[in-house]
1. Determine which member of the set Arg210, Arg248 is among the basic types (Lys, Arg) and assigned to a loop (DSSP other than H, G, I, E, B).
2. Take the residues in segment 44-85 that are open to solvent by 10 Å² or more (accessible area, probe 1.4 Å) and within 14 Å of the chain's Cα centre (by Cα); name whichever of them is modelled with the lowest pLDDT.
3. If the Cβ limit is 7 Å and pairs must be 6+ apart or interchain, which residue in segment 34-57 that is free of Cβ contacts under 8 Å to residues at least 40 places away in the same chain pairs with which residue that is open to solvent by 60 Å² or more (accessible area, probe 1.4 Å)?
4. Considering each of Ala211, Ala170, Ala135 in turn, give the residue that is within 30 Å of Leu50 (Cβ to Cβ) and in contact (Cβ under 8 Å) with a residue 60 or more places away in the chain.
5. I'm trying to understand the selection: among the residues of segment 214-251, which are farther than 16 Å from Gly199 by Cβ and aliphatic (A, V, I, L, M)?
6. Got at least one residue in segment 175-191 being open to solvent by less than 40 Å² (accessible area, probe 1.4 Å), in contact with a His (Cβ under 7 Å, 6 or more places away or on another chain) and more than 21 Å from Thr235 (Cα to Cα)?
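The values are calculated or read from the model by the stated rules, or taken from the named source; none is laboratory data. Remember, it's a predicted structure, so these values are computed and weren't measured experimentally. Cβ placement follows ideal geometry from the backbone for every residue including glycine, while neighbour counts extend to all protein chains displayed. Quick note on the areas: whole protein, heavy atoms, side chains included, nothing else; ligands and nucleic acids left out. Shrake-Rupley method; radii C 1.70, N 1.55, O 1.52, S 1.80 Å.
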Amino acid sequence: MALAAASPVDVLGDDLLQEVFVLLPGPADLLRTALACRPFLRAARSAAFLRRFRRRHPFTCPLLLGCHLGPPLLLPAPPIAATRRVAERGDFALSFIPRRGRPGAAGASTPWQLLDCRNGRLLLRSRSSQELVVADPLARRWVSLPALPGDHPVGYGLVADDGDYSVFQAACISRVGDTTELRAFLLSSAELRWADVGGLAQQPNLAASRAMQANQSLYWTLVGGQHMLALNTATTELVVLPLPPFLRELGFDVIEKGEDVAGGLHVLTMRGFCIEVWVGEDDGAGGLAWTLLDKSVRFHRAIAEMIGSEHFYHLTLDVIGVAAGVVFLRNGSCLFCIHLETMKMTKLSENESCPSALIYPYTIAWPPVFLNPTEEGA
């Protein structure tokens with residue numbers, strides 16, 4: 001009996017199909033392509049491929065749901081109608097996590113302190129027991145982390161894998177006793193134990209506990225604003241990086257620019273009512289040489305119209321964060337967002353009292369994990 005001939009698509013194989021798929025313009029195109037036939041779907045289901053595709057399209061692949069505020073609350077970002085159905089599936093009040101400690105303990109109304117937010121997952125600390133957990137409000141799942149070995153934790157960070165839904169890393173920066181030494185601890189979801197990955201002596205404290213993230217590295221600004229602490233979670237390298245003088249008084253966020261852009265540390269800030277993107281590259285002498293990569297139109301008139309012209313000369317804008325091609329900004333109690341592709345500005349909140357350090361853009365991995373049925377939650 002003659003064997004059935006393989007179809008032309010099967011002959012191509014997953015590797016070649018993935019080389020074609022990664023060149024698609026965006027996630028909607030990948031979804032339509034993957035659902036065309038079984039060989040296409042099989043090739044697109046690879047966690048390694050999804051990770052590569054998402055990193056090639058960092059401004060379009062995460063699905064932005066809004067801002068997560070502490071105490072727990074999700075403030076939707078436009079277009080609200082497109083994301084409301086996804087957000088409504090979640091429990092952003094975190095009622096699915098058992099409460100620890102005494103019912104009448106301080107902070108019982110908001111028992112969890114938000115430490116970081118990445119790729120749909122939250123790093124939280126119990127106000128009563130100091131327990132650390134990583135939680136997923138959409139799937140209503142959580143995992144408890146072991147106690148930290150460090151003396152005085154001063155900063156936290158969370159790296160959530162964008163290819164395999166169940167994988168994450170948590171980081172903690174701790175000060176050693178009453179010394180000026182900072183040490184870094186890293187935990188992986190595979191082992192759930194803290195590892196001491198290095199330290200730096202004679203360093204100031206972190207300016208805030210909030211971490212920035214790009215390209216598998218976490219960044220914290222140090223007191224004084226002259227330097228950043230950087231932890232590469234892949235290599236566990238811990239270094240101090242210099243910041244340009246103009247960033248010492250401005251809010252900023254580190255960003256990813258995709259596979260097609262040359263390396264370097266990219267930061268986004270707002271200066272003179274213009275969004276600016278700068279790149280810092282190795283200067284050969286242990287420092288970074290900074291170059292202006294991109295500059296937007298001025299937003300002073302749009303902002304003045306939104307908050308009232310009588311307040312125009314008192315404007316101070318703070319960059320909260322950047323996610324999925326949207327930059328979030330704050331002026332006093334008003335929250336704004338600007339879509340970096342269209343440069344359209346939208347006011348999100350009239351009177352928000354939540355501290356800026358507790359406001360995080362909330363995104364989920366996109367294209368969705370259901371393309372890979374072997375992943376947790378698929």
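1. Numbers: Arg248 fails: assigned to a loop (DSSP other than H, G, I, E, B).
Result: Arg210 is the single residue among Arg210, Arg248 that is among the basic types (Lys, Arg) and assigned to a loop (DSSP other than H, G, I, E, B).
2. Looking at the filtered set, the residue picked out is Phe59.
3. Filtered contacts from segment 34-57: Pro39/Asp10.
4. Working: Ala170 fails: in contact (Cβ under 8 Å) with a residue 60 or more places away in the chain; Ala135 fails: in contact (Cβ under 8 Å) with a residue 60 or more places away in the chain.
Criteria check complete, one pass: Ala211.
5. Ala214, Val223, Met228, Ala234, Leu241, Leu243, Leu247, Leu250
6. yes
Condition check ((1) closer than 30 Å to His57 by Cα; (2) at pLDDT 85 or above; (3) small (Gly, Ala, Ser)) across all residues:
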{"residue": "Trp112", "(1), (2), (3)": "no, yes, no"}
{"residue": "Pro153", "(1), (2), (3)": "no, yes, no"}
{"residue": "Val159", "(1), (2), (3)": "yes, yes, no"}
{"residue": "Ser166", "(1), (2), (3)": "yes, no, yes"}
{"residue": "Ser188", "(1), (2), (3)": "yes, yes, yes"}
{"residue": "Leu206", "(1), (2), (3)": "no, yes, no"}
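Matching residues to (1) more than 22 Å from Pro62 (Cβ to Cβ); (2) modelled with pLDDT of 90 or more; (3) not assigned by the TED database to the domain that holds Val154:
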| position | (1), (2), (3) |
| --- | --- |
| Gly272 | yes, no, no |
| Ala285 | yes, no, no |
| Leu293 | no, yes, no |
| Ala324 | no, no, no |
| Ser333 | yes, no, no |
| Thr346 | no, no, no |
